[in-house]
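So the structure is just underneath, and the comments pick up after that.
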Number of protein chains: 2
Amino acid sequence: MGQRKSGHVTLLDIASASGFSVSTVSIVLSEAPLSLNVAATTRAHIRTIAQQLGYHPDAYARSLRRRSTQTIGILAFDLSDPFCIPIMRGIQEGVNAAGYLPLLMDAQTQRKLFDSYLHMILERRAEGVIVIASWVFEETNLLGDIRKNNVPILIVGRDLVARGISSILVDNEAGGALATRHLAELGHRNIAVIRGPQEMCDSEPRWTGIRKVAAQCGMHLDERLVLELPGLAGPASGFEGGVRFAKQMLATGCHFTAVLAFDDLTALGVVRGLAESGLRVPEDCSVMGFDDVLPAEVATPAMTTIRQPLREMGLEAAERVLQAIRSVPGKAEKARLHKTNPELVVRMSTAPPSRTIATKKPKRRART
Amino acid sequence: MGQRKSGHVTLLDIASASGFSVSTVSIVLSEAPLSLNVAATTRAHIRTIAQQLGYHPDAYARSLRRRSTQTIGILAFDLSDPFCIPIMRGIQEGVNAAGYLPLLMDAQTQRKLFDSYLHMILERRAEGVIVIASWVFEETNLLGDIRKNNVPILIVGRDLVARGISSILVDNEAGGALATRHLAELGHRNIAVIRGPQEMCDSEPRWTGIRKVAAQCGMHLDERLVLELPGLAGPASGFEGGVRFAKQMLATGCHFTAVLAFDDLTALGVVRGLAESGLRVPEDCSVMGFDDVLPAEVATPAMTTIRQPLREMGLEAAERVLQAIRSVPGKAEKARLHKTNPELVVRMSTAPPSRTIATKKPKRRART
DNA sequence: AACACCGGTTCAAACGTTTGAATCAATATA
DNA sequence: TATATTGATTCAAACGTTTGAACCGGTGTT
């Protein structure tokens, strides 16, 4: 079954083909310090043979012997969330630069897969682990094992400092504030808000930011227009939620000129819901998202949103674990929280409020 | 530097803690056939100790000895392309079911990274490789090395059968035909087409399918309305291309009632371009995409498109390499091409042609 | 009493590398 | 001439597993 038996070329093959010992071949091909002592002709000879045999060192044997794998595990809770990709790329950039190899896994929102991949990461002796948990993420008891084997771990997208794990996430309160201030400056006074699910740590601070600025600007937050996404379903469900809530808001008959959605997908759902009720964005109602993922950018009208510096967060994450790895003996430094700065991206989905009320009768026939 | 030295628990640790030999411990923990011979009390004892020490077998040592890594390399040319995700998931599903571990890598459209990751895959002794090459993909000479080490390889999203590599991709001609027929049935007679870049193997057959059905249905394909995306830029550039081409089409003054875009992102670009010229979709002009990725689904109006059975393609890919792995001794079976069936997904971006000409003067002010 | 058998356990070699120490011939130093 | 130095190469042990073969004390068969 194991197909290496027949397959791969080893040092021994090259040794016998070249007439030198395995040691010499190893020294040459791995460019060990000792290779300076090896005759230039020998070096060349060995290299040629290796080349033409298509030799690639066996990472398993090498790591076993060297007692180092140069590997960082990246475990994404849901890689289909566009949110993950830039983070992941930032991480890659960081670890590659340090000569580390990222070991990428996608738990597909399944707790079972998450655990099993965490196992894998441990068994593969990753020297550090970065978890990307964009959505609801139940903690696993494996985190204990990780610590027991003292592998540095870090999480981005969730605050687990309380559990002793360094975390990186956007400053949600600032983000919520930024969004609200943008609407206020456009002249909106009556806004609807779709909050994130309770299970997500982003939800609360974002809401706080919104409330503070709203109060400060004299905006009205009608509680009938403050809805909350359910937590159980996956990230894609944000869209459905947006559609449903938009209609629900209109049904209340309350006056509003803008909707602040929890994230971009929800915002896109709101746009759809409004459209199905015959309302246009931004003419009849402004809509804002959060995150700045691809679908928000390519939608028409392009979505005004709050960008998370995802790539930078990934980079930061990489640097943090690498640093933790380098200083292992000094044992775990205290878990720290790192907040990054969100940024307002103004596009086409927001505009000054129109004189017409959002709940007035549809002007065009609804599209189903 | 290598932090395992201090870190991980080994069989030896458990052996000395339990008083049994390393062999016995290994036999128990790896559930080898011999473990039936081990006294039940011994088994329990060893297991408990392993548990409480947080033991995880070292995949490196194990694979080295077993001469099998149970690993499949997945190399995506650009994981930020939403197209890749479902394929990747299909693959995962397939390999997981067979007890294999996917080794996922993202080349980020960079040739250099692609090569270096292919190296990694070889060094990590993946027993098979699946390449997901959604976009332009220059072949690398490393493919030779892969064969030299006789690792089965397969590519999805590109036809490399000519180079002796089994390939899986959608039946593009059928897809093009499907799209065209849909527009014909709605009553469109004058359509504009945005072809894919020449470098992509999807472009030509898709165009063939379009031409055949167009001829068959008596549709007019004005050559001034047939444009071609440039090939050098990345997938994200499809959007820009769509925006630009939409305006270009309008500028020709030619009559058209629908646009058939190469892929969903391009189609979204077209929608934007039309909107910026004051035209609505689908009232003033229908637009179709291809692929059925997330942004197409959550846009408003939702995009009518041709779905590729991506997940199934991934699954198929997994099964194919696994089968190839199982039958190594029988040497490489002939490289085969597998075409999957596309499917029409009718949403809101297409409608019967309006009586007004697409090129008539804008009705609303343009949005910039 | 000699033998085979069996349950339970351990020996020892192997997987493909790396690397500190050893070897050995040749040259330089005392 | 004996001794150190150097340059080029090899020895051999080790990394943490797995596993075929060996061991060993006991019971059952003849």
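Per-structure values
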| item | result |
| --- | --- |
| Qualifying residue in region A:216-228 (condition: closer than 29 Å to A:GLU312 by Cα and surrounded by 20 or more Cβ atoms within 10 Å (Cβ to Cβ)) | no |
| Test: residue in region B:336-347 that is away from every other protein chain (no Cβ under 14 Å) and modelled with pLDDT under 95 | yes |
| Filtered residues of region B:254-265 (kept if within 18 Å of B:LEU344 (Cβ to Cβ) and outside any strand (DSSP E or B)) | B:ALA261, B:PHE262, B:ASP263, B:ASP264 |
| Filter result (near DNA strand C (Cβ under 6 Å from one of its atoms), surrounded by 13 or more Cβ atoms within 10 Å (Cβ to Cβ) and assigned to a loop (DSSP other than H, G, I, E, B)) within region B:32-43 | B:VAL38 |
| Subset tally (residues that are within 14 Å of chain A (Cβ to nearest Cβ) and within 11 Å of DNA strand D (Cβ to nearest atom)) for region B:32-72 | 16 |
| Residue count, region A:265-281 (criterion: touching a Pro at 6+ places or on another chain (Cβ under 9 Å) and within 9 Å of chain B (Cβ to nearest Cβ)) | 6 |
| Condition broken by B:VAL293, with the remaining ones in (1) within 12 Å of another protein chain (Cβ to nearest Cβ); (2) surrounded by 24 or more Cβ atoms within 10 Å (Cβ to Cβ); (3) at pLDDT 95 or above satisfied | (3) |
| Residue within region A:223-233 that is within 11 Å of chain B (Cβ to nearest Cβ) and among the small types (Gly, Ala, Ser) present | no |
| Residue under evaluation A:GLY99, criteria (1) within 9 Å of DNA strand D (Cβ to nearest atom); (2) under 28 Å from the mean Cα position of the chain (by Cα); (3) of a type in the set (Gly, Ala, Ser), criterion not met | (1) |
| Matching residues in region A:79-107 - criterion: being surrounded by fewer than 20 Cβ atoms within 10 Å (Cβ to Cβ) and more than 17 Å from B:LEU75 (Cα to Cα) | A:ALA97, A:ALA98, A:GLY99 |
| Filter result for the condition that a residue is under 21 Å from B:ASP58 (Cβ atoms), away from DNA strand C (no atom under 11 Å from the Cβ) and surrounded by 13 or more Cβ atoms within 10 Å (Cβ to Cβ), over A:THR69, A:THR10 | A:THR69 |
| Residues of region A:52-89 satisfying the condition of being in a loop (DSSP other than H, G, I, E, B), hydrophobic (A, V, I, L, M, F, W, C) and in contact (Cβ under 8 Å) with a residue 60 or more places away in the chain | A:PHE77, A:PHE83 |
| Residues located in region A:87-103, provided they are at the interface with another protein chain (Cβ under 8 Å from one of its Cβ atoms) and either within 27 Å of A:THR266 (Cβ to Cβ) or small (Gly, Ala, Ser) (or both) | A:MET88, A:ARG89 |
| Residue match in region B:188-195 (condition: of a type in the set (Lys, Arg), under 27 Å from the mean Cα position of the chain (by Cα) and within 12 Å of chain A (Cβ to nearest Cβ)) | no |
| Close pairs from region B:148-170: first within 14 Å of another protein chain (Cβ to nearest Cβ), partner at pLDDT 90 or above and in a helix (DSSP H, G or I), Cβ under 7 Å, at least 6 apart | B:ASN149/B:LEU122; B:PRO152/B:VAL321; B:PRO152/B:ALA324; B:PRO152/B:ILE325 |
| Checklist (1) under 29 Å from A:VAL270 (Cβ atoms); (2) more than 10 Å from chain A (Cβ to nearest Cβ) applied to B:PRO309, failing item | (1) |
| Residues that are within 7 Å of DNA strand C (Cβ to nearest atom) and either within 14 Å of chain B (Cβ to nearest Cβ) or out of contact with any Leu (no Cβ under 7 Å at 6 or more places or on another chain) (or both), drawn from region A:18-31 | A:SER23, A:LEU29, A:SER30 |
| Failed criterion for B:SER23 (all others in (1) surrounded by 16 or more Cβ atoms within 10 Å (Cβ to Cβ); (2) of a type in the set (Ser, Thr, Tyr); (3) part of a helix (DSSP H, G or I); (4) near DNA strand D (Cβ under 9 Å from one of its atoms) hold) | (1) |
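Residue-wise test of (1) within 18 Å of A:ILE168 (Cα to Cα); (2) within 16 Å of DNA strand C (Cβ to nearest atom).
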{"residue": "A:ALA76", "(1), (2)": "yes, no"}
{"residue": "A:VAL95", "(1), (2)": "yes, no"}
{"residue": "A:PRO102", "(1), (2)": "no, no"}
{"residue": "A:GLN108", "(1), (2)": "no, no"}
{"residue": "A:SER116", "(1), (2)": "no, no"}
{"residue": "A:ARG125", "(1), (2)": "no, yes"}
{"residue": "A:VAL131", "(1), (2)": "yes, no"}
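The values are calculated or read from the model by the stated rules, or taken from the named source; none is laboratory data. None of the values given here were measured: they were computed from a predicted structure. Note that each Cβ is placed from the backbone with ideal geometry, even for glycine, and that neighbours are counted across all protein chains shown.
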